[in-house]
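Chemist: Submitted below is the structure of interest, expressed as structure tokens.
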Amino acid sequence: MEIIERIKLDVNQLKIKRTNMYRAIAKTYKKEMKPLDIQSIYQICESLLELNKTATTIIAYQIIYDQKDKYDEDTFDVFETWMYKYISDWWDCDDFMTHAFKHVLLMFPNKIKRIKKWINHERFAVRRSSAVILIMPSKKRLIDKSIIFEVCDLLMNDEHYLVQKGYGWLLKEASIKYHDDVIDYLEKNVSHMSRTAFRYALEKLPLNEKEKLMQIKV
């Protein structure tokens, strides 16, 4: 595919290889992508993901996010397939879940229960995804609080520290718009949560509340 070769050449010509540089490359193709249908864009992005390179992965996720006005209900299925096939670490999880995948979830909230199936996956990055996809919606109070706490309950005993950080991060951001509910949740589960998740969850709380909860955790 000619466009893939051009993107690879763009990456190779970079003198400084950073995430913002990769995103900038993706954005230079936004106008070229605009006339394409969503199926053609899926094909381009998956070809980039199949290369299994940091640069082309970031570019693929930026390209598909820039075309979010073309998402339809089938996009959730496509994105879920990509997650199972390609998400393997915290950085690609966080990129995909907080941008493109989050957007399609908010478009079709009837799909939200499906994320619970991710929690039992063998790869930690897929399990982490179930929490991270809810972070941006929780910051804006766009989802029911019950799904936040249900996912955290299901991840509570996960042994991987990056999954613990993932649901701790979710609780931290949720504490802004669901403050009292998060405090109640932390008080109720203080003895069950890992120290890693618990400390992450406290980060945006007022100092007096943070100190009070830390005393309980000791």
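Chemist: Going by Cα centres, the stretch 124-159 and the stretch 1-15 are how many Å apart?
Modeler: With the stretch 124-159 and the stretch 1-15 each reduced to a Cα centre, they are spaced 36 Å.
Chemist: Regarding the stretch 1-99, what are the three Cα extents along the principal axes, ordered largest first, in Å?
Modeler: Principal extents (Cα only, largest first): 39, 32, 21 Å.
Chemist: Taking the chain on its own, what percent of its Cα-Cα pair distances exceed 28 Å? Intermediate values should be presented prior to the final figure.
Modeler: On the way: 8076 of 23653 pairs.
Result for the distance tail: 34 percent.
Chemist: Take the cross-link list Lys165/Lys210; Lys15/Lys53; Lys17/Lys139; Lys70/Lys140 and give me the ones stretching past 28 Å between alpha-carbons. Walk me through the numbers before you get to the answer.
Modeler: Numbers: Lys165/Lys210 17 Å; Lys15/Lys53 17 Å; Lys17/Lys139 31 Å; Lys70/Lys140 23 Å.
Flagged as over cut-off: Lys17/Lys139.
Chemist: Now for a separate question. Give the accessible area for Met1 in Å² (nearest 10); use a 1.4 Å probe, count only protein heavy atoms, and leave out ligands, DNA and RNA.
Modeler: Accessible surface of Met1 is approximately 100 Å².
Chemist: Using 0.36 nm per residue, how much length does the chain from Arg195 to Gln39 gain when fully extended, once their Cα-Cα distance is taken away?
Modeler: On the way: separation 156, 0.36 × 156 = 56.16 nm, distance 4.41 nm.
Gain on extension, Arg195 to Gln39, equals 51.8 nm.
The values are calculated or read from the model by the stated rules, or taken from the named source; none is laboratory data. Quick caveat: nothing in here was measured; it's all calculated off a predicted structure. Side chains are part of the model used for accessible areas, which takes the heavy atoms of the whole protein and leaves out ligands, DNA and RNA. Shrake-Rupley method; radii C 1.70, N 1.55, O 1.52, S 1.80 Å.
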